Amino acid sequence: MSSKALRKRVPRTTAGEWKPAAARDPLGILERNERGRIPALVTLRRQRMAANVFAFYRGGAAVMAADLAGLPVTGLFVQLGGDAHLMNFGGYATPERRLVFDVNDFDETLQGPWEWDVARLCASLPLAAEYRTFPKQVGSMAAYAAAQSYRRKMRTLAGLSPLHVWYSRVDVQGMLALELTPPVSAVSLKPSDEVIGLAERAFTGYRHSLPPFIRMLLDRYEPAGVVEHPVGVGSLGLLAAIVTYRSREGGFPLYLQLKEAVASVLEEHLGASPFKNHGERVVAGAHSMQAASDLFLGWTSSDGRDYYVRQLRDKKASLNIDAISPKELIDYASRCGAVLARAHARSGHPQSIAAYLGSRDVFERAMVRFAQTYARVVRRDYAAFTAGPGDLRRP
């Protein structure tokens with residue numbers, strides 16, 4: 001279908017006209033999303049989500065997936081991150097030790113409409129600005145910057161070969177909003193006998209998911225301990241652990257994170273993943289979207305649970321949302337939009353997406369309206385979550 005016909009069928013202003021469905025049940029969706037999770041961690045998850053409206057949004061990927069399912073889309077599919085809010089981007093070292101900036105969370109990854117990731121990113125920006133008590137226009141400017149950068153980057157990528165798109169990457173240099181995080185330390189983490197047993201059994205199968213040359217590298221290390229390591233907001237309640245390895249020569253440490261993988265929140269609306277193991281789904285999504293992925297990225301299953309494994313890198317940079325300035329937020333949003341476009345172009349059709357987006361800012365203005373509207377809806381959902389009947393903070 002030509003870009004003209006596609007724009008007629010799905011006008012670029014469509015996203016800006018989104019309205020919440022009358023039958024929305026955000027609290028019910030969140031409650032269903034908690035089924036099967038570790039009860040003690042579910043309580044912690046609710047507490048973290050109740051801290052502020054931005055944290056609530058971060059934990060509400062399932063709610064937004066249901067909302068986006070009713071939004072008309074172009075039908076141009078890409079590999080989605082599935083939870084592309086601004087905190088799920090960051091810097092990390094490639095195997096060549098080069099620090100790059102990229103999407104870094106794939107728990108919800110699935111093939112789907114490119115619009116969904118952009119909407120998730122743009123809607124996070126007014127809420128992040130509100131969390132920082134910035135003027136309202138800062139959030140709108142950040143949402144505009146993210147959408148504009150996505151459109152412009154996609155148009156640039158449309159002129160490149162698939163191989164050039166695949167090799168392209170974004171350096172961290174000059175990104176003042178990012179801060180290097182210290183090397184991981186497992187010393188202060190609380191061990192759990194149950195988690196230790198599950199992790200040890202899971203790692204038996206993990207090795208077989210790695211290419212032979214990485215197995216050879218891993219075999220130069222031996223396990224030295226397991227600790228429980230609950231992380232994030234949306235993932236809380238799923239089993240997560242750190243396995244410490246020591247090299248057989250010299251005792252140098254290697255930290256691998258084992259994280260439970262369950263069905264993506266997108267699957268209810270887009271169909272089941274083609275991968276039988278959800279850990280493999282996560283790994284495949286990371287390889288599809290990231291310019292460079294972790295050497296030790298692999299998957300396994302044990303005791304009826306699926307997992308993926310990744311290295312906790314010794315060279316990582318992340319956004320310090322509590323220290324960012326308005327100018328840095330807008331700049332950061334722009335960089336996230338560009339990286340998201342590059343990630344989508346690796347698996348989709350950048351020429352078709354770019355042609356649809358065009359050379360004017362129609363798309364950006366629509367995404368700002370969507371972000372503003374969606375932020376208002378999230379505030380209302382948050383109020384229902386933190387007070388009154390159905391308060392999900394209670395176990």
Viscosity 0.890 mPa s, 25 °C: Kirkwood-radius Stokes-Einstein D of region 247-333 over Cα pairs, µm²/s: 155 µm²/s
Label selected from (i) 0.97; (ii) 1.22; (iii) 1.02, the criterion being Cα Rg over 2.2 N^0.38 Å as computed here: (i)
Charged-residue dipole, Cβ positions (Lys, Arg, Asp, Glu), the chain about Cα centre, Debye nearest 20: 1180 debye
Between helix 136-157 and the chain: long-axis angle, C-alpha atoms, 0 to 90°, nearest 10: 80 degrees
Within region 193-316: Cβ-based charge dipole about Cα centre, in debye rounded to nearest 20 (Lys, Arg +1; Asp, Glu -1): 460 debye
Shape box of region 237-395 [Cα atoms, principal axes, largest first, Å]: 58, 48, 40
Using θ = phi - 60° and Karplus 6.51 cos²θ - 1.76 cosθ + 1.60, couplings along region 250-260 (whole Hz; Gly, Pro as x): x, x, 6, x, 9, 10, 10, 9, 9, 9, 5
Dipole axis of the chain (+1 Lys, Arg; -1 Asp, Glu on Cβ), positive-most option in A240, A15, A263: A15
Those lysines that a straight Cα-Cα span of less than 19 Å connects to K316, excepting residues fewer than 8 apart in one chain: K259
Folded to 0 to 90 degrees: helix 278-289 orientation relative to the chain principal axis, Cα: 60 degrees
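No value in this document is a laboratory result; all are computed from the given coordinates. Quick caveat, the model's predicted, so the values are computed rather than measured. As a convention, Cβ positions derive from the backbone with ideal geometry for all residues, glycine included, and neighbour counts pool all protein chains shown.
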